[in-house]
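Worksheet: one structure, shown below.
The values are calculated or read from the model by the stated rules, or taken from the named source; none is laboratory data. Values in this document were obtained by computation on a predicted structure and should not be read as measured data. Here the Cβ is made from the backbone with ideal geometry for all residues, glycine too, and neighbour counts use every protein chain on show.
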Amino acid sequence: MKNKLRRIYIAGIFIFSSLIFCSYSKNKNITIKGYIHSHGSQPFTFLGIEESNSKKEYAVSASEDVLKELQASQGNEIEITGTIIKKNGNGPEFEMLKDGKIIVLEWKYVK
């Protein structure tokens, strides 16, 4: 009986500690306000966003539908929430701007 209770107690401690250490992760999503610009030359164009206040530039990565909506929003200030991917090196990378790339989770017009 004691052996069985001991196993249950150890299993409970293990499950509890697993939940504590694994369930909390830092949110890596950020929000950027800025203007959408088209970069590159035909047929290899891609969208980028330039932040309004810090002048950082990020390439925009999203589904085709979202990219079409973003392209139509050029000239308007928008807000994009997403995950940033930093550049690996100093040289040029395909469809990457100087400060990296943002993977769009959601976006909206700034009023």
Checklist line | Out of 49, 20, 36, 32, sole residue that is loosely packed, with under 11 Cβ neighbours inside 10 Å, of a type in the set (A, V, I, L, M) and not in a loop (DSSP other than H, G, I, E, B) | finding: 20
Next item on the list: Hey, can you tell me all the residues within region 59-111 that are on the phi > 0 side of the Ramachandran plot and not in a strand (DSSP E or B)?
Entry: 75, 95
Check: (1) at pLDDT 90 or above; (2) closer than 12 Å to residue 110 by Cβ: which one isn't true of residue 84, the others all being true?
Finding: (2)
Checklist line | Whichever residue in region 1-43 is farther than 20 Å from residue 104 by Cβ and polar (S, T, N, Q) and, among such residues, is modelled with the lowest pLDDT | finding: 23
Margin query: What's the number of the only condition in (1) out of contact with any helix residue (DSSP H, G or I) (no Cβ under 7 Å at 6 or more places or on another chain); (2) in contact (Cβ under 8 Å) with a residue 24 or more places away in the chain; (3) not small (Gly, Ala, Ser) that residue 60 fails to meet?
Written below: (1)
